[in-house]
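The values are calculated or read from the model by the stated rules, or taken from the named source; none is laboratory data. Every value quoted in this text rests on a predicted model; they were computed, and no experiment measured them. For neighbour counting, all protein chains shown are included, and Cβ atoms are generated from backbone atoms with ideal geometry for every residue, glycine included. The accessibility values were calculated without ligands, DNA or RNA, using every heavy atom of the protein model including side chains. Shrake-Rupley method; radii C 1.70, N 1.55, O 1.52, S 1.80 Å.
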Amino acid sequence: MEKVILLKTQLAEAARFGKSKEFRYQRLAGIFLDNFVEIQLNSIAKQKFLFDTELSKFQEKKYTEKYRRRVLNHYDELLKFAVSEGIISEQEKYLLAFCHNVRNNLYHSIKEEKLFVAISIKVLKDIITKKQPHWKNTSLFTAHTGTLIDPYKYKNVTSNSPEDWTKFLNQYFDFIDKRTLKPSNLLRKFILEKMRAARNNYKFLKNEFADYFPYAEDWGFNEYIYYYYFKTLHAEKLKEINEIEDKKEKDNSRKSLEEEYKNTWKKKKLSRIEAIEKKAKSMSNTDISKSLEIYTSLRDEINLISQGLENAASDLYAQIDLESEMANGN
């Protein structure tokens, strides 16, 4: 029963962190939940491979050792295997891949859009609630022992039955406020807020930018994004170039990067903001899987427009502050 207690403890702790309004605890909840799913899928895969090994005494193995290692060591392969074995659906695979990417960003860089963490927690909570009563502790047999204390036991009985897991989940894992917006509406809100900020930044730039930077007199929507998204897209590469000591080599490296950027650029029109907003509004009538699909198709363009205009506005604010200080004799 030790594994049953360990699994319950991980879910109970994830729920405790998930209830918090503080992002530092939300982050831990996302990591705990994603790790739980990975542990369970990995364990189920091992059971299937063990069964396949036992059967191989009478028939040819279904899975090679090379394939088994790939599945157990690579999460994307584990998800594909889980779909092929009917453990999860294709749609659940897509959602779990999204959640795992969010978790990796949280785990390795402690950084991710707070919205995506909230969506990931909701998605993982729903999948675990649906699957865990059937997954249980993933073992064919569960050994009972009197030496272990189960703080989550029902009526003083520790069990690994679907009924026991359902009762546990209802009591200890129901941690998301029912009034919280559904994930598709959270995504919709996120995109619309990004585009609203982009509109405001562009209006600010059109009214003020050329007054402080005369070379931009003829600039439009495309030019602001073109010139100011460059440093976001190539932030790491630009840092490397700046460390080059030889001036000629540094200049050539910068020029080469700019040429590459120019050759792949596609002109951007202001009407794209309205088009993106329209697609975002359509999410109101879709499930989270379809909403994520729409968002994924728009993500690069959303980042390009919002970040490019934000960078330009940031430079303008800095220049306004600088000239204001100079005018005041500071």
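7 Å from Cα along Cα→Cβ at both residue 180 and residue 269: what's the point-to-point distance in nm?
Result for the modelled spin labels: 4.0 nm.
State, to one decimal in nm, how far the label point of residue 245 lies from the label point of residue 6, with both points 7 Å from Cα in the Cβ direction.
Taking the two extended label points, one gets 5.3 nm.
Using the heavy atoms of the protein chains and a 1.4 angstrom probe, tell me the accessible area per residue for the range 1-178 in square angstrom.
Result: 56 Å² of accessible area for each residue.
Name the shape class, rounded, prolate or oblate, that the alpha-carbon gyration tensor gives for the range 184-328, where a ≥ b ≥ c are the square roots of its eigenvalues, rounded holds for a/c under 1.5, and otherwise prolate holds if a/b is larger than b/c and oblate otherwise.
oblate
Over every pair of different alpha-carbon atoms in the range 173-223, take the mean of 1/r and invert it; report that Kirkwood radius in Å.
Result for the range 173-223 stands at 13.9 Å.
May I ask you to derive the FRET efficiency for residue 238 and residue 161 from their Cβ-Cβ distance with R0 = 56 Å, giving the value to the nearest 0.05?
Efficiency for this residue pair is about 0.45.
Loop only per DSSP, at most 11 neighbouring Cβ atoms within 10 Å: give me the GluC sites (Glu not before Pro) in the range 14-76, ordered by residue number.
Those satisfying the criteria are 22, 60.
Give the value in nm², to one decimal: projected area of the alpha carbon convex hull of the range 1-178, averaged over all directions.
Averaging across all directions leaves 11.6 nm² for the Cα convex hull.
Exposed loop sites here are chymotrypsin sites (Phe, Trp or Tyr not before Pro) in DSSP loop states with at most 10 other C-beta atoms within 10 Å. What is the longest stretch of the chain lacking them?
142-330
List the lysines whose alpha-carbon lies under 21 Å from that of residue 267, not counting same-chain residues fewer than 8 positions away?
Excluding near neighbours in sequence, the set is 194, 203, 206, 231, 255, 278, 279.
For the chain, just the Cα atoms, rotate onto the principal axes and tell me the three extents in Å, largest first.
Taking the Cα atoms of the chain, the three principal extents are 80, 47, 41 Å.
Roughly to the nearest percent, how much of the accessible area of the chain is carbon and sulfur, given a 1.4 Å probe?
That fraction is 49 percent.
Hand me the trypsin sites (Lys or Arg not before Pro) from the range 246-282 located in a DSSP loop with no more than 15 other Cβ atoms within 10 Å, in residue order please.
Here the sparse-neighbourhood loop sites are 266, 267, 269.
Where does helix 221-233 land angle-wise versus the long Cα axis of the chain, in degrees 0 to 90, nearest 10?
Relative to the chain, helix 221-233 is tipped by roughly 50 degrees.
For labels at residue 25 and residue 101 in the simple 7 Å Cα→Cβ model, what's the distance in nm?
It works out to 2.9 nm between the two label points.
For the chain, take the longest principal axis of its alpha carbons; what is the angle in degrees between that and the long axis of helix 271-281, to the nearest 10 within 0 to 90?
Taking the Cα atoms of the chain, the angle to 271-281 is about 20 degrees.
Return the loop-located GluC sites (Glu not before Pro) in the range 175-262 (DSSP other than H, G, I, E, B) with at most 15 other Cβ atoms within 10 Å of their own Cβ; answer none if there are none.
Within the range 175-262, the qualifying GluC sites (Glu not before Pro) (loop, at most 15 other Cβ atoms within 10 Å) are 217, 243, 245.
In what sequence, largest accessible area first, do 177, 287, 34 appear using a 1.4 Å probe?
287, 177, 34
Hull surface divided by four, with the convex hull built on the Cα atoms of the range 246-330: how many nm²?
One quarter of the hull surface, i.e. the mean projection, equals 10.2 nm².
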